[in-house]
Amino acid sequence: MFAIYIGFSIITFGFGLAFLFLLNPLCMIWAAIAANSYNKKLMAEVNS
């Protein structure tokens, strides 16, 4: 993902680095929600 930011920043002459501060926290939140959902599904299968 970091390589994508670097490539995008080169293409946009540095303006792409703004996305690093906006999208990175959003991706971390999305990943945490996805992992939590997956773990709940696994626990439901184990408990049934």
Notebook entry, point to check: Are there any pairs, at least 6 apart or on different chains, whose C-beta atoms fall under 9 Å, with the first in region 18-44 and under 19 Å from ILE4 (Cβ atoms) and in contact (Cβ under 8 Å) with a residue 12 or more places away in the chain and the second assigned to a helix (DSSP H, G or I) and not aromatic (Phe, Trp, Tyr), and if so, which?
Noted result: PHE19/SER9; LEU20/SER9
Check: Looking at region 40-47, is at least one residue part of a loop (DSSP other than H, G, I, E, B), over 21 Å from the mean Cα position of the chain (by Cα) and among the polar types (S, T, N, Q)?
Finding: no
Item checked: Filtered residues of region 5-16 (kept if at pLDDT 75 or above and in a helix (DSSP H, G or I)) -> ILE6, GLY7, PHE8, SER9, ILE10, ILE11
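The values are calculated or read from the model by the stated rules, or taken from the named source; none is laboratory data. Computed from a predicted structure; not experimentally measured. Counting neighbours? That spans all protein chains shown, and the Cβs are built from the backbone with ideal geometry, glycine included.
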